[in-house]
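*Asks:* Sending over a structure as structure tokens; questions will come in a sec.
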Amino acid sequence: MTTIQILLLGGASGTGKTTVGWELSAILEQRCVAHCVIDGDTLGHIFPAPPGDPSRSGIVERNLASVWSGFAEVGQTRLIYTNTVSVLEEEMIRRAVRASSAGGVVSSEVEFTSVVLVAGARTVAQRLARRETGDRVDLHIDRSLRAAMLLQQRASKSVVVISTDGRAVEDVALEVLDATGW
């Protein structure tokens, strides 16, 4: 029986999830630690929402199962999964990973490390202003602040919270790596 180790890297927009996820991947690659990365934001980016799936959670689960199955077929057992609310979706992610195990063998062991990245409102606004284009920056900042509040209210007490304010990306990635034990 194989144990799948999953890092759920969550946080509001502008806290550094994607950047830290890729930096963590580079560190693991340098250390010859097998892993893969899935950016969950892309798995549900569809308009209009599929019929009967207004929150797009069903399409995200199916897409995650599909993408993971390719990684599982080549023997991957470590996944870095970045998505704003990933730490709130453990059961959906568990189902998707189990449903797509290679060779029809369902892994009964899925271990999660859940990390939420946080940053101050000013930092988030600056980062999003650099990243977003057009007239929608205020919309992204507002959505990010609402997501931060949701995560603060609903995330489990066991979630590791790491601030990215004023820190080098590598330092944050190393702190995340420490949390995983990889």
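Every number in this text was worked out from the coordinates using simple rules, so none of it is lab data. None of these values were measured; they are calculated from a predicted model. Positions of Cβ are generated from backbone atoms using ideal geometry, with glycine treated the same way; all protein chains shown enter the neighbour counts.
*Asks:* Quick one: which residues, 5+ away or cross-chain, put their amide H under 5 Å from the amide H of residue 118? H built at 1.01 Å from N.
*Replies:* 162, 163, 164
*Asks:* Right, next: Which one, 34, 45, 158, projects farthest toward the positive side of the charge dipole computed for the chain from Cβ point charges (K/R +1, D/E -1)?
*Replies:* 45
*Asks:* Semi-axes, largest first, in whole Å: what does sqrt of 5 times each Cα gyration tensor eigenvalue give for the stretch 3-175?
*Replies:* Working from the Cα gyration tensor, I get semi-axes of 27, 20, 14 Å.
*Asks:* Please name whichever of 110, 169, 120 sits farthest to the positive end of the charge dipole of the chain, dipole taken about the Cα centre and charges placed at Cβ: Lys and Arg +1, Asp and Glu -1.
*Replies:* With unit charges placed on the Cβ atoms, the residue in question is 120.
*Asks:* From the backbone phi of the stretch 162-172, what are the Karplus-calculated ³J(HN,Hα) couplings (6.51 cos²θ - 1.76 cosθ + 1.60, θ = phi - 60°) in whole Hz, Gly and Pro given as x?
*Replies:* Result, rounded to whole Hz: 10, 7, 10, 4, x, 10, 5, 4, 4, 5, 5.
*Asks:* Continuing with the same structure: Please list the non-local residues whose amide H lies under 5 Å from the amide H of residue 80, H modeled 1.01 Å from N, same-chain partners needing a gap of 5 or more.
*Replies:* 7, 36, 37, 38
*Asks:* Just to be sure I understand: if I project the alpha-carbon convex hull of the stretch 1-81 onto a plane and average over all orientations, what area do I get in nm²?
*Replies:* 6.5 nm²
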